[in-house]
1. Once the label point is set 7 Å along the Cα-to-beta-carbon vector, what list of distances in nm do you get between residue A:100 and its counterparts in the other copies?
2. Distances from residue B:66 to the same position in the other copies: list them in nm, one decimal, shortest first, using label points 7 Å from Cα along Cα→Cβ.
3. Mind jotting down the three principal axis lengths of the range B:29-94 based on Cα atoms? Whole angstrom, largest first.
4. Using the number of other C-beta atoms within 10 angstrom as an exposure proxy, rank A:35, B:36, B:69 with the fewest first.
5. How do A:43, A:55 rank when sorted from fewest to most other Cβ atoms within 10 Å of their own Cβ?
DNA sequence: GCCGATATATTGTGCAGCGATATATTAATC
DNA sequence: GATTAATATATCGCTGCACAATATATCGGC
């Protein structure tokens, strides 16, 4: 296990959930993940972000690597372990809960502001 | 304006959206925000996080302060400016979009993993 | 006088995410 | 055969968010 992370921020670790979720669909190698996430229109995942993240997840036993020798540079395929599936279940559920609470505040506010974009200065106008 | 922030991470700035959204409902002072967020079951907002955040938003002209002299320590009420409303509109909309893309990946994966929590080792069982 | 609650604020630290860079392999282009 | 581009993994240093710790101020209750 890597040292206890300080992931306290509201949606810190959402990248972990994203990667775990993709791997739940089947093994992937890093470069393919980069392209996949970029193509899906999701927040562009950078190589300098992904590879350390994969190493962390591997160190935590959530994913396990297999080298594939193809033409060109060899690919490192990552497979979700049972521990990884468990982590995905928990983290994704936590994420859903946090999301719901967040949405309960944001959606009404968004509606309110969208409906009244620039409230009049004149109190008689209300 | 403060120098261009490096807010690139997936849901970085979600705290900003949360605070802006609450302020869209009416002016609040810092300590009340702390209690409000904690009571709402949302990720507990810490004083060491909130006050610098409020100062940043004030410096960016998104909110404007008014001191209230009450019994006890004076309160600093923050009101959403028109610029703040505009920022909320945009940031919350961006947030919704990012969310939808994220959910499109996470929800199916969560269902899949929940339905097959521990796939059998025996290939003949498939 | 002291403690606890209320209330704002600053300082130092940990670390996630990123830009920049390095490295390896192959195919295409010059 | 040198150069470029695409594929593919990896590391290092920087920035800035969020937090713990701490300081400060005012009031009420003991």
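1. Its label point is 2.2 nm from the equivalent points in the other copies.
2. Result, one decimal in nm: 6.6.
3. Result, largest extent first: 39, 27, 17 Å.
4. Ordered by Cβ neighbours within 10 Å, fewest first: B:69, A:35, B:36.
5. Values: A:43 19, A:55 13.
Listed from fewest to most nearby Cβ atoms, that is A:55, A:43.
Every number here is computed from the coordinates shown, using simple stated rules; none is lab data. Quick caveat, the model's predicted, so the values are computed rather than measured. Backbone-built Cβ (ideal geometry, glycine too); neighbour counts: all protein chains shown.
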